[in-house]
Amino acid sequence: MTVAHSDDQAVQLSLHDLISTLEAILLRNGASGPVARVLAANCASAERDGSQSHGLFRMAGYVKNLRSGFVDGRAVPQVRDVGSAFLLIDAGNGYARPALEAAIELAIDKARSAGACILAIGNAHHNGPLWLDVEPFAEAGLIALSVVNSVTYVVPHGGHKRLYGTNPMAFAVPRADGQVLLFDQATAAMAHGEVRIAARESKILPEGIGLDASGQPTRSPQAILDGGALLPFGGHKGSSIAMMIDILAGALTGSNFSHQVDWSAYPGAESAHTGQTIILIDPTKGNGSLRMFTGRIEELVEAMAGAGQTRLPGERRLAARKLAAERGIAIEAETWKQLQAL
């Protein structure tokens with residue numbers, strides 16, 4: 001349902017209607033039907049969950065990548081069963097999420113049979129939020145950890161030039177009554193998409209986020225984007241985790257490391273042609289039953305609250321999701337105009 005609006009008012013859309021709008025944009029710009037459906041649902045779900053940096057903000061990038069030819073919007077993923085607990089997926093130079101969709105059911109079956117499963121997705125472009133990748137597995141009763149290496153924006157600890165991507169990771173576990181506990185975070189001090197949002201809104205960043213083009217600390221998001229760099233979170237600790245993710249997502253999948261991504265031959269492109277690895281574990285193999293495992297999770301959640309933690313990871317997303325279900329997804333008038341232009 002679309003709520004009536006004037007040119008300067010926000011638009012309220014249901015998730016279904018927003019998905020339909022985004023699907024039409026992707027189809028118009030070169031995606032196949034199956035790819036458009038998956039990407040539209042993923043992007044709309046991110047917007048529903050309150051993510052400015054991974055929701056509708058990303059649509060212009062999807063279109064640029066499709067139009068430039070850097071990403072194959074009609075790619076058909078190839079799933080190879082290479083071991084009792086290992087799936088290797090070639091995304092065909094397409095987006096990672098359709099490749100993941102092609103392997104989800106088999107991966108869940110393997111994890112339940114073998115106790116664990118690794119999904120190694122190579123030759124892929126990952127442009128969406130990671131929490132939507134791991135959430136379905138946790139809802140199916142599995143533990144899920146996903147890592148992605150991305151375009152080089154981050155200086156390694158003690159280094160002087162970009163090497164790693166923001167290299168995010170997400171982790172999800174099932175809770176009691178069908179709930180999910182998860183987190184999704186970059187290994188950089190701030191996600192690159194959040195820096196772009198801050199630059200668009202002329203905001204000043206906190207200390208310790210990045211460097212300008214001369215290597216000096218800066219709080220200007222635009223200075224970071226204009227030849228500067230992001231810093232890893234936690235100094236050498238974040239830098240080491242970024243290295244691990246470059247190995248798991250790049251080397252393991254046979255894909256580019258972050259610093260090897262090159263779109264110079266595709267004007268307008270802005271995507272990470274890298275890899276993604278997802279590790280699944282069936283907790284019933286180690287703790288007797290899913291009910292026993294989720295009971296332990298609730299025990300930990302109670303202890304976290306007792307220690308003074310006032311908000312669990314992912315709670316803001318769930319609150320935004322609930323509000324969107326009740327009122328629709330609010331889209332700013334200017335954003336709506338941009339979508340129509342696409």
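We did not get these values from a lab; they are worked out from the coordinates using the rules stated. Remember, predicted model here, so these are calculated numbers, not experimental data. All Cβ positions, even for glycine, are placed from backbone atoms using ideal geometry, and neighbour counts span all protein chains on display.
For the reader, a short list of remarks on this structure follows.
- Residue order, fewest to most beta carbons within 10 Å, for 56, 88, 318: 318, 88, 56
- Taking the helices alone, the chain has a mean residue ellipticity at 222 nm of -11500 deg cm²/dmol, built from -39,500 (n - 2.57) per DSSP H run of at least 4 residues and averaged over all its residues.
- Within the straight-line cut-off of under 15 Å between alpha carbons, the aspartates and glutamates reachable from residue 203 are 194, sequence neighbours fewer than 8 places apart in one chain being disregarded.
- Spatial offset of region 127-160 relative to region 264-342 amounts to 11 Å, using the alpha carbon center of each.
- In this Cβ point-charge picture (+1 for Lys and Arg, -1 for Asp and Glu), the chain has a dipole of about 240 debye about its Cα centre.
- Choice from 147, 79, 11 showing the highest fluctuation, given a GNM over the chain with Cα pairs closer than 10 Å: 11
- Subset of 110/322; 110/237; 64/337; 64/322 violating a 29 Å alpha-carbon distance limit: 110/322; 110/237; 64/322
- Among 71, 82, a tally of other beta-carbon atoms within 10 Å of each Cβ gives an order, fewest to most, of 82, 71.
- Listed by Cβ neighbour count within 10 Å, with the fewest neighbours leading, 207, 23, 315 appear as 207, 315, 23.
- The GNM of the chain, with springs linking C-alpha atoms under 10 angstrom apart, assigns the highest mean-square fluctuation among 306, 69, 215 to 306.
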